[in-house]
Amino acid sequence: MILIKIGGGENINTEYICEDIATLVQKSEKDVIIHGANFVRDELAEKLNIPTKIITSPSGVASVFTNENAIDVFLMSYAGLVNKKLVAKLLKYGVNAVGLSGVDGRLLQARKRDAIYGVENGKTKLITNSLTGKVEKVNGELLRLLINAGYVAVLCPPAISSENEILNIDNDFASAILAGELGIEKIVMLFEAPGMLEDAKDENTLIKNIKKEELGEYLQFAKGRMKKKILGAAKSFALGVRQIYLGDGRVRNPIVNLLEGNGTIIE
């Protein structure tokens, strides 16, 4: 079984990705999909005059400040627009897809963070009113029911807390917990770059191979959201994943290309 993580950037080509997933399904490969929607979220937030606010932690990890208004935008963009359009494209290619957010059936259950730290104008502030959480449990029983019945699950944040609050989560960390629950050994991550780059501004600086034991050394090259991907990868390996493929979601045959070694392989 492969976990396919689709980034939410503007230039991700979901048509190419869905076409590739259909090829895998035809070969009896079982897949689970989890996706982002950050570009659509930010675009929708601007239209609704609720612009996305980014918080950067003291360690340099960026996240979204999430209040009630932001959760509404999150639900519309992730669980609504992007999830359902992705499901529709997969159906077009003959993939028996079903879309779910982490809220449905308590698919992704998270513990609410009491507080987070953010750096603003050089000063570290304690933020206590953000609806964010960390995924602790996955409803594997529900997912296995779908998979065994021949469905391809298309998943997305947000998550639900034990107190039934809808929470924003780190999708990369959630992917690790999901892979661990289902015993998945391969993760494919598709985003707007050919893989992990030494220089985030130069696509010719691709790092082809990374040993999982040396992941920490590559954090120096991780800029923006890539830092979360590397941290999520480390958690994935701790939970039994054997190989992670990082690569380009803008090109034709993106998954097949990655599995053939055209990207970054961490193992």
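The values are calculated or read from the model by the stated rules, or taken from the named source; none is laboratory data. Computed from a predicted model, the values in this text were never measured in an experiment. Note that we place each Cβ from the backbone using ideal geometry, even for glycine, and neighbour counts take in every protein chain shown. Ligands, DNA and RNA are stripped out before the accessible areas are found, and what is left, the full protein with its side chains, is counted by its heavy atoms. Shrake-Rupley method; radii C 1.70, N 1.55, O 1.52, S 1.80 Å.
Here are a few things to note about the model shown:
- In the set (1) surrounded by fewer than 19 Cβ atoms within 10 Å (Cβ to Cβ); (2) at pLDDT below 95, residue 222 fails one condition alone, (1).
- Scan of the stretch 1-37 for residues that are in contact with a Ser or Thr (Cβ under 8 Å, 6 or more places away or on another chain) and more than 20 Å from residue 241 (Cβ to Cβ), ordered by number: 37
- Positions within the stretch 1-56 being part of a loop (DSSP other than H, G, I, E, B), of a type in the set (D, E, K, R) and either at pLDDT below 95 or buried (at least 18 other Cβ atoms within 10 Å of the Cβ) (or both), in sequence order: 27, 29, 30, 53
- Test result for residue 206, of a type in the set (A, V, I, L, M), farther than 20 Å from residue 239 by Cα, in contact with a strand residue (DSSP E or B) (Cβ under 7 Å, 6 or more places away or on another chain) and crowded, with 17+ Cβ neighbours inside 10 Å: yes
- Residues that are open to solvent by less than 30 Å² (accessible area, probe 1.4 Å) and within 21 Å of residue 75 (Cβ to Cβ) were ranked within the stretch 117-136; the one that is nearest to the chain's Cα centre (by Cα) is 135.
- Filtered residues of the stretch 64-108 (kept if among the small types (Gly, Ala, Ser), surrounded by 21 or more Cβ atoms within 10 Å (Cβ to Cβ) and not in a helix (DSSP H, G or I)): 97, 99, 101, 102
Let's see how each residue does on (1) acidic (Asp, Glu); (2) farther than 21 Å from residue 101 by Cα; (3) in contact (Cβ under 8 Å) with a residue 60 or more places away in the chain:
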site	(1), (2), (3)
23	no, yes, yes
30	no, no, yes
41	no, no, no
48	no, yes, no
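- Selection count, the stretch 226-251, where residues are open to solvent by 60 Å² or more (accessible area, probe 1.4 Å) and closer than 23 Å to residue 138 by Cα: 5
- The condition (being of a type in the set (D, E, K, R) and within 25 Å of residue 103 (Cα to Cα)) is satisfied by just one residue among 213, 203, 163: 163.
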